[in-house]
Amino acid sequence: MGAPEHYHAIVIGSGQGGTPLCRALAEAGLRTALIERSHIGGTCVNEGCTPTKTMVASGRVAYLARRGKDYGVQTGEIRIDMRRVRQRKRDIVDSFRNGSQARLEKTANLDLIFGEASFTGPKTLSVRMKEGVERTLSAQRIFINAGARPAVPELDGLREVPFLDSTSIMELDSVPEHLLVLGGGYVGLEFGQMFRRFGSRVTIVQSGAQVLTGEDADVASEVLAILKQDGMEVLLNSRAVRVTKSGGQIQLTVRAGKEESALHGSHLLAATGRRPNTDTLNVRAAGIAMDDRGFIKVNGKLETNVEGVYALGDIKDGPAFTHISYDDYRILRTNLIEKGSATTENRLVPYTVFVDPQLGRVGITESEARAQNKTFRVAKMPMSYVARALEVDETRGFMKAIVDSESNQILGAAVLGIEGGEIMAMLELAMMGKLPFTALREGIFAHPTLAESLNNLFTHFV
């Protein structure tokens, strides 16, 4: 193997941070290589946001079709064509992926390399190409955007039983008769509700005392009530202890306290978190520090402990959201190309859980405000008080905001309701602009819109 091919910059992984970053570096005149193992676009485009929300939309259409009589619309029998649902998902993914790849291929100073990267030193990489050929690359700066993958839980018998993860479940060509779900986080809840709407019986097994463990108890409780209203079974404080395959069925043994019981289902989804792809990258060869779960440690400027090596996106610890990965790119662009001084410190982390109705969240929770000994007030209002929600017969959920008692600044918000993510974004804008809650309470918003609910929310302090 000859001398390494040298670049100014190498980006490993074409996720939502790596893809715009490699283009920005190349357009700044730096000879740049982008190494991608499989598909352009990373988790979001290929296995995450794009395909799941496409399928969630199909589930919502089925839900509304079944509710037609509520609106005076008579519909016939609802049948789900999973092959068509899957093909629609594939078509949209292909469109997003191919568009990104075409733009990369047209970018000057950028080499797009398909292969598996592995560190051989702090600034050197071995890349095994799809044809089996190996290339050796080096660079002054290396950016790791290699993401994460579904974690396989430690469960007796799981290796001997066919199970689904968040990627493979989207390739099903028929509706499961009874879907067993391990995990009550946003992945388990989104897929659980989706397949319930497609017609599956769904049972979620959650080891914690509530679903969505990072949320306030009242928010989690309301989400749980909505899922149960949709006909889902949710077992809290229940731990899966073993799984077997018997007579074409999956038998899952669950322990709640000292009692064990058996669940029987046609399919099993493991939705118990994700693990970083640092093991396949051999980052130890570069001396890059990781935490005990394998996530790369970085500082506020996304620098690792190795000079000239950076990590962005899900492979580092922290919020695993597409928009955070993209903001990581903006920080690196600002600091390295525009010579600024951006940092991850104190940035707002909004997110939306795409159950239906959506849960939009930003800032701190009530529990966090209490733990931080803040002086605060809570504004809370059911969606049944919102005119627009009543008009479209979508009144499940509530709105909640945490307000600093002295400054009247909004510290955080949870909006569980129709288009909760969009309403949350309005509250986030107020937080970004440091507007007091009174500006929203007194603002003029068009009637009848969901936005005008912000007038009333801040008249309901509890």
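Rule-based calculations on the coordinates, nothing more; no lab input. Remember, predicted model here, so these are calculated numbers, not experimental data. Please note: Cβ atoms are built from the backbone with ideal geometry, for glycine as well, and neighbour counts cover all protein chains shown.
List of remarks:
- Here Ser407, Ser453, Ser100, Ser138 are placed in order of increasing Cβ neighbour count within 10 Å, fewest first, which gives Ser407, Ser138, Ser100, Ser453.
- Calculated FRET efficiency, Leu429 to Ser341, Cβ-Cβ distance, R0 = 30 Å: about 0.80 to the nearest 0.05.
- Efficiency of FRET from Cβ geometry, Ser174 and Gln372, R₀ 41 Å, rounded to 0.05: 0.25
- Taking 0.36 nm per residue of separation and subtracting the current Cα-Cα distance, fully stretching the chain between Leu390 and Ser405 would add 2.3 nm.
- Here the simple spin-label model places points 7 Å from the Cα toward Cβ, and for Lys258 and Asn98 these points are separated by 6.2 nm.
- At R0 = 56 Å, FRET efficiency that the Cβ-Cβ distance of Ala225 and Ile113 yields, to 0.05: 0.65
- Estimated from helices alone, the mean residue ellipticity of the chain at 222 nm is -8500 deg cm²/dmol (sum of -39500 (n - 2.57) over DSSP H runs with n ≥ 4, per residue).
- Listed by Cβ neighbour count within 10 Å, with the fewest neighbours leading, Val61, Val298, Val202 appear as Val61, Val298, Val202.
- Here the gap between Glu77 and Asp292, fully extended at 0.36 nm per residue and compared with their Cα-Cα distance, gives a gain of 72.2 nm.
- Shown here for the range 280-368: GluC sites (Glu not before Pro) in loop regions (DSSP other than H, G, I, E, B) with at most 13 other Cβ atoms within 10 Å, namely Glu307, Glu338, Glu345.
- In terms of surrounding Cβ atoms within a 10 Å radius of their Cβ, Phe119, Phe376 rank from fewest to most as Phe376, Phe119.
- Summed residue charge, Cβ within 12 Å of Tyr71's Cβ, Lys/Arg positive, Asp/Glu negative: -1
- Taking 0.36 nm per residue of separation and subtracting the Cα-Cα distance, full extension of the segment from Gln87 to Glu307 would add 74.7 nm.
- Signed unit charges on C-beta, dipole axis of the chain, positive-most listed residue Asn456, Leu125, Val205: Leu125
- Remark: spin-label model distance Glu160-Thr136 equals 4.6 nm, labels positioned 7 Å along the Cα→Cβ axis.
- DSSP-loop trypsin sites (Lys or Arg not before Pro) across the range 182-260, with at most 14 other Cβ within 10 angstrom: Lys258
- GluC sites (Glu not before Pro) restricted to DSSP loop in the range 373-462 with at most 15 other C-beta within 10 Å: Glu406, Glu442
- In this Cβ point-charge picture (+1 for Lys and Arg, -1 for Asp and Glu), the chain has a dipole of about 480 debye about its Cα centre.
- Each Cα pair under 8 Å and six or more residues apart adds its sequence gap; the mean of these over the residue count of the chain is a relative contact order of 14 percent.
- The angle between the Cα long axis of helix 82-105 and the longest principal axis of the Cα atoms of the chain comes to about 40 degrees, rounded to the nearest 10.
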